[in-house]
Amino acid sequence: MARVAIVTGGTRGIGEAICRALKDAGFTVAANYAGNEAKAAQFTADTGIPAYKFDVGDHLACLDGCARIAADLGPVDAVVNNAGITRDGVLHKMSFEDWNEVMRINLGGCFNMAKATFPGMRERGWGRIVNIGSINGQAGQYGQVNYAAAKSGIHGFTKALAQEGAKFGVTVNAIAPGYIDTDMVAAVPAPVLEKIVAKIPVGRLGNAHEIARSVAFLCSEDAGFVTGSTMSINGGQHMY
Ligand code: CAA
């Protein structure tokens, strides 16, 4: 029987590309989304992949959402923690809400989804968790103390949980994308983005599918000996 994968923030951007790549790799895929109903409906119509609405920053909503997915599709074998938001601003102008919301969703979401699915993977002796970090969690970024802290936290979370999963056949890895051509990056003011792109050795933004294929590899049988690792995919912008 096909393995079941959940991709958070799966109906748009990098998440959508990951859903498509996992489906191509033979997974039965469920996409989670937070609120964009029109895009979620379009995504399901285009891909045939069901979309489940819940807030990954809400612990009980994650437990309930993952239970619904397991009831519909079967036990969850793989989770890709991709959902994330930005609330950019320099620290002296950043509100506590903008700090907290980014931590709650970007980092808290990884904990919530793992709590909902890791115990089952551990019991069944097979699992894959892939967390989407960021170059800005590795290198920092002006105007992103919240986002950089959350993404940096994801990298630590990954290495810690990898140690807990290793002897149960559950791998936990991270991918640290650089600047990818998505709505999130398009929201960066154009003059700022131009300066950033000028510093990318490959000379362009990345494409979502350039992240997605690597996620599919980390979720595959072939990647069973890869755990606790971070794959940087950033066009050479930051070599780590
Ligand atoms: N390094 C040093 N100084 C910088 C700087 C940088 N990278 N960026 C801006 N500054 C300076 C400016 O030159 C300016 O200085 P002066 O006042 O002396 O001219 C000062 O900081 C204020 O700059 P802004 O006018 O831009 O300030 P703002 O308050 O209007 O906006 C900001 C600040 C919101 C941080 C804005 O600069 C911004 O959006 N930056 C982009 C942040 C970014 O890269 N976000 C990534 C989003 S995509 C993502 O996160 C995906 C991923 O994983 C990669």
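Numbers at a glance
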read-out	value
Residue-normalised accessible area of the chain, expressed per residue, 1.4 Å probe, Å²	46 Å²
In order through segment 184-195: 3J(HN,Hα) via Karplus (6.51 cos²θ - 1.76 cosθ + 1.60), integer Hz, x for Gly, Pro	4, 6, 5, 7, 6, x, 3, x, 5, 5, 4, 5
Nitroxide proxy distance, nm - points 7 Å out along Cα→Cβ at Asp46 and Lys93	3.3 nm
Simple spin-label estimate for Asn100 and Asp181 in nanometres, 7 Å along Cα-Cβ	3.9 nm
As computed over segment 47-156, the Cα convex hull volume per residue (Å³)	113 Å³
Net +/- balance of residues flanking Asp77 in space, Cβ distance below 9 Å, scoring K and R +1, D and E -1	+3
Set Lys23/Lys53; Lys93/Lys195; Lys151/Lys199; Lys93/Lys115 screened for pairs whose C-alpha atoms are more than 25 Å apart	Lys93/Lys115
Low-density loop cleavage sites - chymotrypsin sites (Phe, Trp or Tyr not before Pro) in segment 147-226, where at most 12 other Cβ are within 10 Å (DSSP)	Phe225
Convex hull projection area averaged over all views, segment 4-232, Cα basis, nm²	12.1 nm²
Full-extension gain in nm, Glu164 to Ala2, via 0.36 nm per residue minus C-alpha separation	55.8 nm
Extension gain from Lys115 to Ala198, taking 0.36 nm per residue of separation minus the Cα-Cα distance	25.8 nm
Highest-fluctuation residue, Asn36, Asn173, Asn207 considered, GNM on the chain with Cα pairs under 10 Å	Asn36
Of all accessible heavy-atom area on segment 4-232, the percent that carbon and sulfur account for (1.4 Å)	55 percent
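The values are calculated or read from the model by the stated rules, or taken from the named source; none is laboratory data. No experiment lies behind these values; they were computed from the predicted model shown. Note that we place each Cβ from the backbone using ideal geometry, even for glycine, and neighbour counts take in every protein chain shown. In case anyone asks, the SASA skips ligands and DNA or RNA and just uses the protein heavy atoms, side chains included. Shrake-Rupley method; radii C 1.70, N 1.55, O 1.52, S 1.80 Å.
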